[in-house]
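In what follows, a structure is listed as structure tokens, so that the remarks can point back to it.
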Amino acid sequence: MKNLPLLIFFSVLTHVMHAQVLNQAANWPNASWSVGGTYTATALLSDPTITANFSFDDDAAGSGSADTVTVNSPIIDLTAASNAGETLLNATFDYDYNLGDAFQLEYYDVDAASWVLWEILPDNSNLTSAWCAGIAAPAVVSGDLDISGFSATQLSGFRYRFYYESTATWGWGICVSSPTIASVAPPNCLIPTSF
């Protein structure tokens with residue numbers, strides 16, 4: 001028992017000394033990101049290539065519009081993180097979302113040449129305008145994306161994006177703050193589920 005505080009100290013020190021290989025902020029506005037999709041241009045309130053947030057006002061687009069809008073990261077090479085054993089990715093951001101068909105975080109599979117669902121972002125607001133006023137400092141951490149089975153081209157050609165769709169539903173809108181993506185090593189052992 002005398003050594004327990006010393007053991008805890010060294011455990012915390014070891015964890016603190018382990019630096020993340022990937023800890024990359026998007027740093028919006030950032031011209032290396034891109035906006036895509038089929039959408040009403042005047043409803044894009046905040047373009048992260050030139051502003052600090054990504055915001056789309058589906059209400060301004062009108063009830064007859066069918067909009068899909070994305071904001072896409074540049075290529076991020078995950079090879080060094082994977083080689084270091086950091087095979088879990090997460091994204092940190094904040095968002096405000098009120099109604100639509102889909103709002104989600106996705107990643108690009110270079111081998112399949114398609115976007116893949118990473119996480120569905122649930123409706124978290126009842127605001128009908130000024131969504132960016134509803135976000136603060138990044139507070140949401142995505143679920144982990146396991147890249148341990150990624151091929152060399154999937155690692156070197158990795159991209160991620162936020163995807164908003166309002167084609168069947170007349171939604172209100174969204175705002176997302178500038179994200180940060182980070183890599184972490186999986187836990188050394190499984191968490192006990194029963195005793």
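The values are calculated or read from the model by the stated rules, or taken from the named source; none is laboratory data. In this text, all values refer to a predicted model and were calculated from it rather than measured experimentally. As a convention, Cβ positions derive from the backbone with ideal geometry for all residues, glycine included, and neighbour counts pool all protein chains shown. Remember, those area values only see protein heavy atoms, side chains included, never the ligands or the DNA or RNA. Shrake-Rupley method; radii C 1.70, N 1.55, O 1.52, S 1.80 Å.
Looking only at residues that are at pLDDT 85 or above and aromatic (Phe, Trp, Tyr) in the range 160-192, which one is most open to solvent (accessible area, probe 1.4 Å)?
At the first step, the residues of the range 160-192 found to be at pLDDT 85 or above are 160-166, 172-187.
Retained after the next criterion (residues that are aromatic (Phe, Trp, Tyr)): 160, 162-164, 172.
Numbers: Tyr160: 3, Phe162: 0, Tyr163: 39, Tyr164: 0, Trp172: 85 Å².
My answer is Trp172.
Take the range 121-130 and flag every residue that is closer than 17 Å to Ala43 by Cα and either touching a helix residue (DSSP H, G or I) at 6+ places or on another chain (Cβ under 9 Å) or at pLDDT below 85 (or both). Before you say what the answer is, go through the steps one by one.
Here is the first cut: in the range 121-130, the residues closer than 17 Å to Ala43 by Cα are 127-130.
Of everything in the range 121-130, those that are closer than 17 Å to Ala43 by Cα and either touching a helix residue (DSSP H, G or I) at 6+ places or on another chain (Cβ under 9 Å) or at pLDDT below 85 (or both) turn out to be Leu127, Thr128, Ser129.
Pairs are defined by a Cβ separation below 7 Å, a sequence spacing of at least 6 or placement on different chains, a first member in the range 18-46 that is over 17 Å from Leu78 (Cβ atoms), and a second member that is among the acidic types (Asp, Glu) and part of a loop (DSSP other than H, G, I, E, B); the pairs so defined are Val35/Asp47. Residues of the range 39-54 that are closer than 7 Å to Pro29 by Cα and β-branched (Val, Ile, Thr): Thr49, Ile50, Thr51. When the range 1-50 is filtered for residues that are at pLDDT below 95 and among the aromatic types (Phe, Trp, Tyr), the ones remaining, listed by number, are Phe9, Phe10, Tyr39.
Quick check on my filter: what residues within the range 100-117 are more than 15 Å from the chain's Cα centre (by Cα), crowded, with 17+ Cβ neighbours inside 10 Å and not in a loop (DSSP other than H, G, I, E, B)? Explain how you work it out, then say what you get.
Filtering the range 100-117 for residues more than 15 Å from the chain's Cα centre (by Cα) gives 100-101, 109-114.
Subset that is crowded, with 17+ Cβ neighbours inside 10 Å: 100, 109-110.
Matches in the range 100-117: Asp109 only.
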